[in-house]
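Novice: Here's a structure for you.
Readers should treat all values here as calculations from the given coordinates under stated rules, not as data from a laboratory. What you see is a predicted model; the values in this text were computed from it and never measured. Note that we place each Cβ from the backbone using ideal geometry, even for glycine, and neighbour counts take in every protein chain shown.
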Amino acid sequence: MWGGRYKLGPAEIMERINASIGFDKRLYAQDIAGSMAHAEMLVARRIISAADGRAIRRGLAQVQAEIESGKFRFSTKLEDIHFHVEARLTELIGPAGGRLHTARSRNDQVALDVRLWVRDALDRFDAMLLDLQTALIDRAEEHAATIMPGFTHLQTAQPVTFGHHLLAYVEMFGRDRGRLADCRARLNESPLGAAALAGSPHPIDPRMTARALGFDRPMANSLDAVSDRDYVVEFLGAASLCAVHLSRLAEEIVIWCSAPFRFIALSDAFTTGSSIMPQKRNPDAAELARGKTGRILGAFVALCTMLKGLPLTYGKDMQEDKEPLFDAADSLELGIAAMAGMVRDLKANKTRMRAVASADYSVATDLADWLVRKAGLPFRQAHHVTGRLVGIAHERGIDLHELPLADMRAVEPKIDRGVYRVLTVEASVAARKSPGGTAPANVARAVGEARRRFLPARRRR
Ligand code: ARG
């Protein structure tokens, strides 16, 4: 393709280090779509003839069909997907194929292909996260009143509802979708027309190709157009944070499944057995969703490191953007799908969750709050009184609601028998009606609000 001033072929190692076809063949559809739009523009601007334009478009369609049917032959001799498509096109239609690359360089071409690929990925991930949110919201509705222990420091803190817990993840994945949407809005400019780096002397119309490919506008600066990979970094940044969220949920699933917790069970569909311990049910899918986070964060770091210190404009270093990008996208896709599957699959053990939620004086704060509201104590004093009562109950090995009234009054005479009404986990969660709080009534309402905020009309119910 660039043989004019070359007499010798490349060293074997040169060919090996240079070739990207092994991975950039994934860009074939984007590459061909870009070439179709470019050819059409060349015809419209009378840079090539209408007949050549027709031949090019017909040839490109055939190349695409060959790739999709698996008949296409790839070779490292042809370096990358751009050369492969053009070489086969010229084989098919003759010299007219050589006119396609007028007013274009592989530099604006690859920038376009990757941009289109990331844009498709953003749309795919938005749909996948929407599906995960749908699963979480449906389960939250079912478990709006299911009581579980809420933790801080992974120590029992206060009772919460399982539905409320699941809706917390709906918020996280909602922010992830927001980041993807931001990335998409900034990404949606076309680099075509920048050519190698400086623009083109041909009377091209970059607005036409931009429009044809669904971009908002052409990029304003040709040097930036070929050297920018911000959209890859932004996507990987958003993907990293999303992976972190998936990993937190995955970790909870692992913990909840383990015997000392037994809050949930996963079915055969989402567990694996052990080759030696017949009783085992391992939550491998959750562990792998958690484990894949490192590759996705790694891709983000790899991209930033690759770009850091690169002078304008294109450098071959930038060919290194693709493998981390593809790997991160594949990993994230698996992770989201597996989490959605597990959320739909899991069976909550309500009895066990409630029992653990009731243990360890989880309603102590309710007692302190009762002392503030009914006995008029300053919160600090109420906290102190409650601490003493918890101490007494603990010494006797009983729960707060099992402490006789007389013993409570010996510590704080303003206590009356009304206090026992707040000393149950049901009363505790029902009382937390503050905005965003865990009360079952709140959760039921929050489910409806989450559907309105996050789901398109056809997926609400
Ligand atoms: N395979 C290259 C890449 O992925 C395509 C662009 C090559 N451009 C060039 N001037 N060598 O970045």
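Novice: If you build the convex hull over the alpha carbons only and average its shadow over all orientations, what do you get for the chain? Give it in nm² to one decimal.
Specialist: Numbers: hull surface 121.6 nm².
Projected area, direction-averaged: 30.4 nm².
Novice: Right, something else. Can you pull out the trypsin sites (Lys or Arg not before Pro) in segment 303-368 whose DSSP state is coil and whose Cβ has at most 10 other Cβ atoms within 10 Å?
Specialist: Those that pass, being in a loop and sparsely packed, are Lys308.
Novice: Taking R0 as 25 Å, what FRET efficiency do you get between Lys350 and His153 from their Cβ-Cβ distance, rounded to the nearest 0.05? Write down the numbers at each step before the final one.
Specialist: Values: r = 24 Å, r/R0 = 0.98.
About 0.55, to the nearest 0.05.
Novice: How would Asp369, Asp123, Asp330 line up from fewest to most surrounding beta-carbon atoms within 10 angstrom?
Specialist: Lowest count first: Asp123, Asp330, Asp369.
Novice: Next question. Please identify the helices of the chain, taking whole runs of DSSP H, that span at least 27 Å along their own axis as judged from the Cα atoms and have a mean Kyte-Doolittle score of 0.5 or higher. Please list the in-between numbers first.
Specialist: Numbers: long enough: 50-69 (28 Å, -0.33); 106-142 (53 Å, -0.24); 162-187 (38 Å, -0.27); 230-257 (40 Å, 1.07); 322-345 (34 Å, 0.28).
Membrane-span-like by this criterion, though nothing is claimed about a membrane: 230-257.
Novice: Okay, next question. For the chain, what is the charge dipole size about the Cα centre, in debye to the nearest 20, if Lys and Arg each add +1 at the Cβ and Asp and Glu each add -1 at the Cβ? Mind dumping the intermediate values first?
Specialist: Numbers: 64 positive and 55 negative charges, 201 e Å.
Once rounded to the nearest 20, the dipole reads 960 debye.
Novice: Over all pairs of distinct alpha carbons, what does the Kirkwood formula give as the hydrodynamic radius of segment 104-170, in Å? Write out the running numbers ahead of the final one.
Specialist: On the way: mean 1/r = 0.0672 Å⁻¹.
Radius from the Kirkwood sum: 14.9 Å.
Novice: Still on this structure, please answer the following. Can you pull out the trypsin sites (Lys or Arg not before Pro) in segment 254-298 that DSSP calls coil and that have at most 12 other Cβ atoms within 10 Å?
Specialist: Working: sites: Arg262, Lys280, Arg281, Arg290, Lys292, Arg295; in loops: Arg262, Lys280, Arg281, Lys292.
Taking segment 254-298 and a limit of 12 other Cβ atoms within 10 Å, the loop trypsin sites (Lys or Arg not before Pro) found are Lys280.
Novice: So which trypsin sites (Lys or Arg not before Pro) in segment 1-64 end up in coil per DSSP with only 11 or fewer other C-beta atoms within 10 Å? Numbers along the way, then the final one.
Specialist: Values: sites: Arg5, Lys7, Arg16, Lys25, Arg26, Arg45, Arg46, Arg54, Arg57, Arg58; in loops: Lys7, Arg45, Arg46.
Counting only loop positions with at most 11 other Cβ atoms within 10 Å, the trypsin sites (Lys or Arg not before Pro) in segment 1-64 are Lys7, Arg46.
Novice: Quick one: Ser434, Ser240, Ser49, fewest Cβ neighbours within 10 Å first, how do they rank? Could you put the intermediate results ahead of the total?
Specialist: On the way: Ser434 9, Ser240 19, Ser49 13.
Fewest to most other Cβ atoms nearby, the residues stand as Ser434, Ser49, Ser240.
Novice: Normalised by the residues of segment 173-306, what does the relative contact order come to in percent, with Cα pairs under 8 Å and at least six apart?
Specialist: Result for segment 173-306 is 23 percent.
Novice: Would you mind finding the longest exposed-site-free stretch of the chain, with exposed chymotrypsin sites (Phe, Trp or Tyr not before Pro) meaning DSSP loop and at most 16 other Cβ atoms within 10 Å? Intermediate results must be reported in sequence, preceding the final value.
Specialist: Numbers: sites that count: Trp2, Tyr6, Phe72, Phe74, Phe261.
Longest run free of exposed loop sites: 262-461.
Novice: Over the chain, calculate the relative contact order: mean separation of alpha carbon pairs under 8 Å at least 6 apart, over the residue count, as a percent. Before the final figure, lay out each step's value.
Specialist: Values: 648 pairs, mean separation 75.6, N = 461.
Result for the chain is 16 percent.
Novice: With a point put 7 Å past each Cα toward its Cβ, work out how far Asp360 is from Glu251 in nm, to one decimal.
Specialist: Placing both labels 7 Å along Cα→Cβ, they lie 1.6 nm apart.
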